[in-house]
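*Asks:* Before I ask anything, here is the structure I am working with.
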Amino acid sequence: MHCQPDYKHKVYIWSKNIHNCLICDEATESRDCVCNVCEIELPWLMEQCNVCALPLPMEGLVCGQCQKHPPAFKQVVAPWAYGFPVDTLISRFKHQSRWPLGHMLARLLGHHLQHRFDNAELTRPDCLLPVPLARNRLRERGFNQALMLARWLSDALDLACDEHLLLRPHETVAQQALDAKARKRNLFRAFALAAGAQVQGRHFALVDDVLTTGATADSLAQLLMDAGARQVDVYCLARTPRPGT
């Protein structure tokens with residue numbers, strides 16, 4: 001006895017949902033909306049400084065800058081070098097409000113972090129902290145890309161995210177056109193902690209899109225460490241190479 005009626009048409013299977021790759025537009029079954037070929041060909045960061053993730057010719061090294069002036073953060077975790085197509089994807093996310101591109105990169109970063117948590121290469125932080133955006137930039141852009149990345153990572157990794165602990169009360173000149181020394185001067189006293197911020201003994205991870213000189217991350221990490229934080233890490237999508245390389 002057949003209890004179910006015959007049905008000869010195609011049945012939608014949710015586990016085989018077909019998406020389009022956000023890089024090449026080809027069909028893919030990946031929930032991350034990136035096909036295997038495009039994911040493999042991303043500029044994965046391999047040999048790097050063990051502290052700031054600066055691309056280096058060999059693994060297991062600490063760059064000269066980190067040896068000479070150790071930053072306040074313990075380590076930077078960045079899956080990719082800031083090269084094509086990651087640089088273009090980040091730029092379109094930030095400057096053209098292409099949020100699906102940012103979400104795709106955040107999901108891949110989340111996988112990268114979870115893999116390192118599972119292999120005991122990283123310690124899970126107590127809280128994620130998005131790098132605050134200057135008010136003028138926030139007004140122009142309409143959103144803080146670091147905040148969006150932190151929210152997506154918080155959901156993916158089941159980590160707390162505090163959007164209000166770090167403040168940026170003073171406007172600063174845009175960092176992109178400044179060299180390393182000018183960036184540090186530009187950020188002097190640019191950041192502050194919210195009143196009553198719970199920092200003592202906690203492990204934080206700063207979240208941003210790109211690490212260039214590390215001046216912003218170092219300033220924020222120093223602020224947190226001075227307030228009694230146990231450890232500060234940095235999670236970002238990409239790390240730029242040293243200028244001129």
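The values are calculated or read from the model by the stated rules, or taken from the named source; none is laboratory data. Here the structure is a predicted model, which means the values were calculated and not measured. When we count neighbours, we look across all protein chains shown, and the Cβ atoms used for this are built from the backbone with ideal geometry, even at glycine.
*Asks:* I want to confirm something. Restricting to the stretch 31-48 and keeping residues that are assigned to a loop (DSSP other than H, G, I, E, B) and acidic (Asp, Glu), which single residue is nearest to His19 (Cα to Cα)? Step through it out loud before you land on a result.
*Replies:* Taking the stretch 31-48 as the starting set, the residues that turn out to be assigned to a loop (DSSP other than H, G, I, E, B) are 31-35, 41-43, 45-47.
Checking the rest, the ones that are also acidic (Asp, Glu) come to 32, 41, 47.
On the way: Asp32: 9, Glu41: 19, Glu47: 33 Å.
So the residue we want is Asp32.
*Asks:* Does Arg139 meet the test of being out of contact with any Asp or Glu (no Cβ under 7 Å at 6 or more places or on another chain), part of a helix (DSSP H, G or I) and modelled with pLDDT under 95?
*Replies:* Numbers: out of contact with any Asp or Glu (no Cβ under 7 Å at 6 or more places or on another chain): yes; part of a helix (DSSP H, G or I): yes; modelled with pLDDT under 95: yes.
Yes: the conditions hold for Arg139.
*Asks:* Consider the stretch 1-29. How many of its residues are at pLDDT 90 or above and assigned to a loop (DSSP other than H, G, I, E, B)?
*Replies:* Taking the stretch 1-29 and keeping what is at pLDDT 90 or above, we get 20-28.
After this cut, where a residue has to be assigned to a loop (DSSP other than H, G, I, E, B) as well, the list is 21-26.
Total satisfying the criteria: 6.
*Asks:* Would it be correct to say that Phe84 is assigned to a loop (DSSP other than H, G, I, E, B) and surrounded by fewer than 14 Cβ atoms within 10 Å (Cβ to Cβ)? Walk me through how you get there before you give the answer.
*Replies:* Working: assigned to a loop (DSSP other than H, G, I, E, B): yes; surrounded by fewer than 14 Cβ atoms within 10 Å (Cβ to Cβ): yes.
Spelling it out, Phe84 is indeed assigned to a loop (DSSP other than H, G, I, E, B) and surrounded by fewer than 14 Cβ atoms within 10 Å (Cβ to Cβ).
*Asks:* May I ask you to verify whether Val51 is surrounded by 13 or more Cβ atoms within 10 Å (Cβ to Cβ) and part of a strand (DSSP E or B)?
*Replies:* Taking the combined requirement at face value, the residue does not satisfy it.
Matching residues to (1) small (Gly, Ala, Ser); (2) in contact (Cβ under 8 Å) with a residue 12 or more places away in the chain:
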| residue | (1), (2) |
| --- | --- |
| Thr88 | no, no |
| Arg107 | no, yes |
| Gly110 | yes, yes |
| His164 | no, yes |
| Pro169 | no, yes |
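*Asks:* Which residue, of Phe93, Phe73, Phe117, is among the aromatic types (Phe, Trp, Tyr), under 26 Å from Gln200 (Cα atoms) and in a helix (DSSP H, G or I)?
*Replies:* Numbers: Phe93 fails: under 26 Å from Gln200 (Cα atoms); Phe73 fails: in a helix (DSSP H, G or I).
Within the list Phe93, Phe73, Phe117, the selection yields Phe117.
*Asks:* Which one of these is within 19 Å of Leu128 (Cβ to Cβ) and under 20 Å from the mean Cα position of the chain (by Cα): Phe73, Phe84?
*Replies:* Details: Phe84 fails: within 19 Å of Leu128 (Cβ to Cβ).
Every option except Phe73 fails the conditions.
*Asks:* Conditions first: (1) modelled with pLDDT under 95; (2) within 14 Å of the chain's Cα centre (by Cα). Ala134 passes all but one, so which condition is the exception?
*Replies:* Exception for Ala134: condition (2).
*Asks:* Right, something else. Under the condition of being part of a helix (DSSP H, G or I) and acidic (Asp, Glu), which residue from the stretch 200-243 is surrounded by the most Cβ atoms within 10 Å (Cβ to Cβ)?
*Replies:* Asp218
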